[in-house]
Each structure stands twice: as structure tokens, then as C-alpha cells.
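Written below as C-alpha cells is the structure these notes are about.
The values are calculated or read from the model by the stated rules, or taken from the named source; none is laboratory data. Given the structure is predicted, the values throughout are model-derived calculations rather than measurements. Every residue, glycine among them, receives a Cβ derived from its backbone with ideal geometry; neighbour counts consider all protein chains shown.
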């Protein structure tokens, strides 16, 4: 996999994809169908595969790509060429992780092409295995799901499929392992049942996957620059020296204990979300797999295990369920591959798509839904692997894809208008130019946040009512922001090692409840700025506001004010004259040390925030 822009580009073996589709397609027909499903196809290419005599893993090299002759897994140089094949290059759709591999793509294509339509049915029997979650993980990675996979022949192709599926899902649903991380193990190398617990940084030793890096002084010519040796290490050593440990250290380094998955005999399977153990590595000799997904986001790990289980089942594997028992005595059986039920209004779908869609139920069956017509609507069965269906509009998009965007005749809008900038946008542009002229660097932060970041870390009480999301996609994005301070401090938090002082600002939308509006929410355009440095104080942000008011031709007045975010006696409110009257404009002050500590900022910091809409 490589990254083109922000989207990963994967290589799928053309012969494998055609075999799984079950229909002979020309190259052009295959590319056309993939693009009509929404994939960005870069074309076809040739890939050469090499097997490493040292670790047994396969390395793929794209034609005309630079290759240093080393195994991408263990760093060894004992590589043997095993063949060349044609692949199709596809930019992944982040919202469709179920189409990241050949099995998922083939499943979608079989439906779209009318070869196999309707809801795929997956039968999951019990494996009889259990994972017990111990206390101590509540604030780290508290959730785990798992399954057993049997009957999948682990030849080179299927080993690569499993590895790529793991890597791609870590990127999409896992958000680079932050929300979900996947472990895949050879079931025959472990002794069920399993325990998921927390361990101190030096509380255990195990050999991580592909070993620990070899010291420069002991490396021999038969090993590459990434060479390793099979020696046991503590979790602390792995985070400090192992390639994966260094890369994902930020996910665990703030905790005093790390997650650990062990079998009944105490053998380590993995240290989520960092690395598996070498002793449970999957090879061509593997006959049964044990797969787990851990993370802080229960929805993300449930969707991830569903995508994996369905994909491997489509490759011919038998998927079995695992019981997970939590410290409070509750238990669940995973994976849950039962479809979700949703009813949509077909007329609303047609209005959005812009065309009349004959027999919409059959169109959605081609998109692999179960669909039954009822008076005024459709009752849908949504496959468990569809992690992207959160709103009926997501289904409406599938209606358009199933009907075919290429079948929609373009037409002009019925009335022509001339557009112009909204006054608030013109003002925002002016203010941005003024702030950059004052030496500030503009940032853009997400409008979605969470209660802990938005209120608690700022020392503010959590209000009873705020703009809460009904169906948040993660625990980190559960509400719409009311102020811009959180974004400024979060940005300063990740730039504490940069040169000081730092001057940043943001002009963006904030939201508040408003019963009189149609949506119940009012949008406010605010400007906020922050200054951090060893000698920063209240004067820095007051001078900035003085300059801003002068350039805008407005008279300002300041008065003392107390706010829990700021140091008492070093906070103020600012008023501005608008339409011949004085109105509140915003606030400014020096950030309280407790707030700085909660954000991990060691430098004195001052903030200001004003409502640009008040100028009207």
C-alpha cells in the first residue's frame, strides 16, 4: 500500500478479483464497474513478489518502484523471487472499508453486476472460547471483540490478504490504531482461554513480532538495515526501540500501564495497539486464526471485526464466535453479524437523487441490501459490514449508485441566479488578513469535540444543555463546539517543542442552542487568538484587540471579569459600539495554570475570543 495524497492506494490481484466475482470480465469492464461503484481506479500494473528465507514473509514490489532488496517485515536480504502478476491499483474509499480487499470488492461487484443480489447471509457458530477482561483497562483501551477463523488455506495470497486487511482497517476504522487495533494469531500456537489485562511497563517480557532491532555494532552482512533478533523485551523497551513501538508510542506513553493479551498459560499474544508476539505469528502453515480488535471506541471495534469476519467468510473460511466477559460480570458474544433494520421513504430518495427510480427495492438489492416494499417506503436489512450507514441519506447515495450516475441526464437548474459573498464571509476575510498582518498564523480545527475537552479541561462547569450529537461516530466527537479556545490550546499542546513565542488564530463557526430557529441551533462566526511564550501575558492579547478594533474602525471598552479558564484578576470582557449602542463582543485573559496543565502546555498562554457577528 502507498499513500496518494491523503488516500491509500492498494494493489488488488486482477486474477483473484475476477475469480471471486465469478464472471469473465475484460479489463475495461472491470475498471468501469469499479468506478461506477465510486472507486478511483489508477489503472493496472505489474507486481513482483519475493519470499524471505529468514522469516517466510512475502514482499511485493511494484514495477518501476525503488527497492533496496530487503524484506519489509524483518529487514533480511535473503529474498527469492516467486513470480510476477498483474494488479489493479485503486484509491480506497475511506467510508467503505468493506471494499478494501479483493473479497469485499468482489462481493460488491457481484451485486452491482446482478450476479448475486440481496443480503449476504453469514452463519456464525460458537467456538467455545472466552476472553476475560480484567480491571485496570478502563481508562486505556477497555473494549475487546474477537472471533475464530477456520478452514482458510493460508497460502501466500491469503496471508497477504489478511495482512493488508489489517493494515488498511487500522488506517480507516482504526484511525491509525487510535480507535481500533487488530491482532491476528495462529490459534494452534496458544492455549485458550484468554485474558485481557493491564501490565506495568516492565511487568512482562516477550519476543515482539519479527524480533527486536539489532544493534549497529552486531549487525552482519546477511542482515539488512532493518535487521532484528529474536530476543525478549519488556513493553517499555518495545516502545523505545521496536519500529512499531516507536511509531505508535504516543498511544500509550501517557499511561502507567499497558494493555496485554495472554493465553491460559501466560503466553503473550500481543500488546495492543502496538505489536503482536513472534510466537503467535501467522505463517503458511497456519490452519486456524484467532483475531481480536481492541480500542476505546466500542462501535469502531465492532464494525472492524464485522468487516474482517465477513471478508474472510467470503474467502471460504468458517467464522466462529468468542465470548467476552467484562469485570462487572456482563458478557457478550462477538462478532455480531446480524443485519440492522431501517425503513426509508422511497419518494424522499427519488427527490434527492433527482430521477424516478423504478423498482427501488431491486436497485438496493444490487447494492447488497435486503429490501422489502411496504406502503410508502422500503424496509431494509443493512449488512453488518456496512460501517458507513449512519443516516438514511447514506442509503439514498446507494440508491443513486445502484441506479447509475451515468444514467442520470444532466440538466440546467430551472432558474439562474448570481451569487455573491455573504457579509459575514467578507468580514471574516478582512479579519484574517488583519490577523496575519499582526504576525499570527491561522489554524483550522474540527467543529466537533467532546465534553471533557470542551468544558472540563477548561475548568468550566458542564452545562445541562448544549449541541449534542444524536449518533456520534466516536467518543471524541460527541458535540458541536461553543468556543474556539479548545482548538487553540489543543494546537499549542502538540507544538510545545516549537520555537517560542507562538501566535495562532482561528476564525470559524461555533454553535449554540436556539429554540426560535428552524434547526434549533444558531451558528456564530467567532475569532479567537492565542499567544504562548515565556513572557506572554494579558497585555499581548489586549494589544491585539486594540489593533483589531482600530483597523475595523470600532471603539472598544474593557472591564474586569472572572472566568474559570483564566487567572483571577487577569481576565476581562470587551465591548464594542455597533449601531450606536454598546454590545458585548468577547473576552480575553491569561490562561489559568491548572488549565495549561490539563492540556500539557508548559508555557504561559493568553487567549482572546470575539463574536464577529456582533459587528453587524
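Within the range 1-18, one or more residues are surrounded by 13 or more Cβ atoms within 10 Å (Cβ to Cβ), farther than 29 Å from residue 79 by Cα, out of contact with any helix residue (DSSP H, G or I) (no Cβ under 6 Å at 6 or more places or on another chain) and at pLDDT below 85. Counting the residues of the range 587-611 that are touching a helix residue (DSSP H, G or I) at 6+ places or on another chain (Cβ under 9 Å), within 18 Å of residue 544 (Cβ to Cβ) and surrounded by 20 or more Cβ atoms within 10 Å (Cβ to Cβ) gives 11.
Of all residues in the range 360-375, exactly one satisfies the criterion of being touching a helix residue (DSSP H, G or I) at 6+ places or on another chain (Cβ under 6 Å), part of a strand (DSSP E or B) and surrounded by 15 or more Cβ atoms within 10 Å (Cβ to Cβ), namely 371.
All told, residue 567 meets the bar of being under 38 Å from the mean Cα position of the chain (by Cα), assigned by TED's automatic domain parsing to the domain that holds residue 483 and either over 16 Å from residue 531 (Cα atoms) or part of a strand (DSSP E or B) (or both). Return the residues of the range 439-457 that are in a helix (DSSP H, G or I) and out of contact with any helix residue (DSSP H, G or I) (no Cβ under 7 Å at 6 or more places or on another chain); say none if nothing qualifies. Listed by number, the residues that qualify are 451, 452, 456.
Looking across the range 339-359 at every residue that is touching a strand residue (DSSP E or B) at 6+ places or on another chain (Cβ under 9 Å) and part of a loop (DSSP other than H, G, I, E, B), the one that is surrounded by the fewest Cβ atoms within 10 Å (Cβ to Cβ) is identified as 359.
For the range 317-334, the criterion of being part of a helix (DSSP H, G or I) and touching a residue at least 12 places away in the same chain (Cβ under 8 Å) is met by none of the residues.
Figure legend. Inter-residue proximity from the range 246-260: first residues assigned by TED's automatic domain parsing to the domain that holds residue 234, second residues part of a helix (DSSP H, G or I) and crowded, with 17+ Cβ neighbours inside 10 Å, beta-carbon distance below 6 Å, spacing 6+ or different chains. Indicated pairs: 249/239; 258/235. Taken over the range 57-93, the residue count meeting the criterion of being crowded, with 16+ Cβ neighbours inside 10 Å, within 31 Å of the chain's Cα centre (by Cα), at pLDDT below 75 and more than 17 Å from residue 167 (Cβ to Cβ) is 1.
One line per residue, one yes/no per condition, for (1) at pLDDT below 95; (2) surrounded by 16 or more Cβ atoms within 10 Å (Cβ to Cβ); (3) over 20 Å from the mean Cα position of the chain (by Cα); (4) not assigned by TED's automatic domain parsing to the domain that holds residue 288:
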site: 144; (1), (2), (3), (4): no, yes, no, no
site: 158; (1), (2), (3), (4): yes, yes, yes, no
site: 162; (1), (2), (3), (4): yes, yes, no, no
site: 172; (1), (2), (3), (4): yes, yes, no, no
site: 190; (1), (2), (3), (4): no, yes, yes, no
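Return yes or no: is residue 460 over 11 Å from residue 599 (Cα atoms), in contact with a strand residue (DSSP E or B) (Cβ under 9 Å, 6 or more places away or on another chain) and not in a strand (DSSP E or B)? No: the conditions fail for residue 460.
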